[in-house]
Amino acid sequence: MLNCLVVALGGGIGASFRYLIGLIPLKEPFIFPVKTLVINLLGCFVIGLVASLAVKNSSLSPKLVLFIKTGLCGGFTTFSTFALETETLIKTGHIGLAVLYIALSVVAGVGLAFAGQVIVGK
């Protein structure tokens, strides 16, 4: 139960950070989703950093790792988890599965976003 609270706290903070970054005004109107890209890339960097630190430093609190990886990064962006899982597949020699995971996530994810809008009638 304590782990759920740790994740919830981190998720709330991560989601709040994502919201606040979304409020940053840009000088020119951008069609390209710059803020989302920055959020996703920053989340990927943080989860990679924390995952590596957790492996190299066994004294790092598992609750802190859970708070940052699952909570903070998960609330900030689930893309960071996707990136870490893809990296793990590649690192463990499962290149084909990594490519399949990337393709399914991107193509099916975008397709399902369209499908959801079609169902609602947008």
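The values are calculated or read from the model by the stated rules, or taken from the named source; none is laboratory data. Predicted, not measured: the structure shown is a model, and the values here were computed from it. Cβ: placed from backbone, ideal geometry, glycine included. Neighbour counts: every protein chain shown. Heads up: the accessible areas ignore ligands, DNA and RNA and are worked out on the full protein's heavy atoms, side chains in. Shrake-Rupley method; radii C 1.70, N 1.55, O 1.52, S 1.80 Å.
Of the residues 5, 26, the one with the largest accessible area comes first in the ranking 5, 26, computed with a 1.4 Å probe on protein heavy atoms. Could you tell me the relative contact order of the chain? Use alpha-carbon pairs under 8 Å, at least six residues apart, and round to a whole percent. Dividing the mean separation by the residue count of the chain yields 34 percent. For the chain, modelled as a GNM with alpha-carbon contacts under 10 angstrom, which of 75, 43, 12 fluctuates the most? Evaluated over the chain, the most mobile residue of the options is 12. Calculated mean residue ellipticity at 222 nm for the chain: -22500 deg cm²/dmol, from DSSP H runs with n ≥ 4 weighted as -39500 (n - 2.57), summed, divided by the residue count and rounded to 500. Taking all protein chains as they are arranged and a probe of 1.4 Å, the heavy atoms of residue 92 leave approximately 80 Å² accessible to solvent.
In terms of Cα atoms, the Rg and Dmax of the stretch 5-122 work out to 16.4, 52 Å.
Relative to the longest principal axis of the C-alpha atoms of the chain, give the angle of the C-alpha long axis of helix 34-56, reported between 0 and 90° and rounded to the nearest 10°. The angle comes out near 20 degrees. For the chain, the dipole from Cβ point charges (+1 on Lys and Arg, -1 on Asp and Glu) about the Cα centre works out to 160 debye, to the nearest 20.
The long axis of helix 2-22 is offset from the longest Cα principal axis of the chain by roughly 40 degrees. Under a Gaussian network description of the chain, with springs only between Cα atoms under 10 Å, the residue in 100, 72, 84 that fluctuates furthest is 100. Build a GNM of the chain with springs between Cα atoms under 10 Å apart, and of 27, 63, 35 the one that fluctuates most is 27.
For the full complex of protein chains and a 1.4 angstrom probe, list 101, 19 by accessible area with the highest value first. Intermediate results must be reported in sequence, preceding the final value.
Values: 101 75, 19 145 Å².
Highest to lowest solvent-accessible surface, that is 19, 101.
Ranking of 44, 4, 73 by solvent-accessible surface, largest first: 4, 44, 73 (1.4 Å probe, protein heavy atoms only, all chains present). The number of Lys pairs in the chain with C-alpha atoms less than 28 Å apart, excluding pairs fewer than 8 positions apart on the same chain, is 7. Computed with a 1.4 Å probe over protein heavy atoms only, the accessible area of residue 59 comes to about 100 Å².
The angle separating the long axis of helix 109-120 from the principal Cα axis of greatest extent in the chain is about 50 degrees.
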